[in-house]
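So the structure is just underneath, and the comments pick up after that.
Laboratory data are not the source of any read-out in this text; all were calculated from the coordinates shown. Quick caveat: nothing in here was measured; it's all calculated off a predicted structure. Cβ sites come from the backbone with ideal geometry, for glycine too, and all protein chains shown count toward neighbours.
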Amino acid sequence: MSLFSTLSISGSGMSAESERLSAVASNIANANSAVGAGGQPFRAREVVFQAASLQGEGDDGDDPSTTGMSGVKVAAVVESSAPTHTVYDPTSTFADDKGYVQMPNVNPVDEMVNMISAQQDYQANLEAFNVAKTLAMRTLTI
Amino acid sequence: MAATIDTGLDFFRQVLALRAARQEILSADIANASTPGFKAIDLDFAAAMQDAMSQRRGSETAPAAPKRVWLVDDARQLPAANVTGAAAPEFVKYQVGSEVTLDGNSVDLDTEKVNAAENAVQYESAATFASQTIRMLMIAITGSGSSQSGGG
């Protein structure tokens, strides 16, 4: 029944958006982490969304006749390629021989925008989920 | 009386199936509101409904089913099987006119929300009409409007 797959589509949207939100949270939390994994400064992470058929694999989400069922999934988490910014702080333990420290390439403005967008998309998915639930309950009372 | 008892209900069954299919499509659009390259789609409800109705009319003029016996072990006696629900791919089309963002996404969240709300109301009204039809049949059967529906 398509109302139940509607629920799972909205559910996939909500879980993808919350993953995006947690990437944002991680980026903001690490905005000043001069040392991340491997001794390098932390790099901002971004999630990449992809339309994904919930029925089976192999749907590239291009054909309208097959995308009717597509939910969304997080295809990859990529590191931002933006340059790290350099801070002059000769007293820091991580300063190089000229006194510069490489700081993370997290852009707080980008992150805030991303966060608001993720929040709105999550809410829209939740709304769609609730509507589908209401309709399914209504159908039970025909 | 020539009509079978589910004649009026068949229409609502079709409406509900198509409305549910459209709700699913709109939910998929909303879920993919941030997916790069995703193009918003929609179900052409009017065309799909018209097609379904013409199919039904076609099947009515076809040779009558041998004998209506309500057994479920024979596929020919289950007219519910030809309800075109989600399986109406030719009526699923790309939405046009909405703004395409830099990452190639054409979902307009506000439009989708409005469409989904409108579709939900249409679904509920079809469900209400179906309920009323069933109640009408119950009144015809029992001869009273009281709540002796017996699980109908």
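Each of B:VAL100, A:VAL101 was scored by other Cβ atoms within 10 Å of its Cβ. Listed from fewest to most, they are B:VAL100, A:VAL101. Computed extension gain for A:VAL109 through A:VAL77, at 0.36 nm per residue and net of the alpha carbon distance, reaches 9.6 nm. Fewest-first ordering of A:TYR88, B:TYR123, A:TYR100 by other beta carbons within 10 Å of each residue's beta carbon gives A:TYR88, A:TYR100, B:TYR123. In degrees between 0 and 90, to the nearest 10, how far off the longest principal axis of chain A does helix A:108-140 point, with axes built from Cα atoms? Computed tilt is about 20 degrees. Need one word for region A:75-142: rounded, prolate or oblate. Basis is the Cα gyration tensor (sqrt eigenvalues a ≥ b ≥ c); a/c below 1.5 gives rounded, then a/b vs b/c decides. Prolate shape, in that a/c is at least 1.5 and a/b is the bigger ratio. Decide, for chain A, between rounded, prolate and oblate: order the square roots of the alpha carbon gyration tensor eigenvalues as a ≥ b ≥ c, take rounded if a/c falls under 1.5, and otherwise choose prolate if a/b is larger than b/c, else oblate. It comes out prolate by the Cα gyration axes. Largest GNM mean-square fluctuation among A:GLU17, A:GLU79, A:GLU111, using chain A with Cα springs under 10 Å: A:GLU79. Dipole magnitude for chain A: about 440 debye, using +1 per Lys or Arg Cβ and -1 per Asp or Glu Cβ, origin at the Cα centre.
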